[in-house]
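Here the structure is laid out as structure tokens; the discussion comes afterwards.
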């Protein structure tokens, strides 16, 4: 798959995500929330520090974005992925949508 074929998964405002400053290994992620309407390739994430302060990280790429490969100057922006609970909710939503489209066998 080329870089141009990859599309970022689109989160909703308020979705629970994981945020990491580690672009290559996604180490030590912290819980965050999608802070505003996502762009086409990045999102803004609200995270809370251990001391209770909130911080917004803008222009965060998904951890699987192939555009992160190479020298791009984005090392300080951080990356994200859906949290497990958000992935589960999306799966349930998709399963529910598929149930409604099934035809009756009667």
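Structure data summary
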read-out	value
Enumeration of residues in the range 72-84 that are closer than 16 Å to residue 25 by Cα and surrounded by fewer than 14 Cβ atoms within 10 Å (Cβ to Cβ)	75, 76
Residue 87 being under 11 Å from the mean Cα position of the chain (by Cα) and surrounded by fewer than 18 Cβ atoms within 10 Å (Cβ to Cβ)	yes
Where residue 8 falls short, out of the listed (1) in a loop (DSSP other than H, G, I, E, B); (2) surrounded by fewer than 14 Cβ atoms within 10 Å (Cβ to Cβ)	(2)
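Matching residues to (1) part of a strand (DSSP E or B); (2) modelled with pLDDT of 90 or more:
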{"position": "72", "(1), (2)": "no, no"}
{"position": "81", "(1), (2)": "yes, yes"}
{"position": "87", "(1), (2)": "no, yes"}
{"position": "94", "(1), (2)": "no, no"}
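The values are calculated or read from the model by the stated rules, or taken from the named source; none is laboratory data. Not measured: the values here are computed from a predicted model. With ideal geometry, Cβ positions are generated from the backbone for all residues, glycine too; neighbour counts draw on all protein chains shown.
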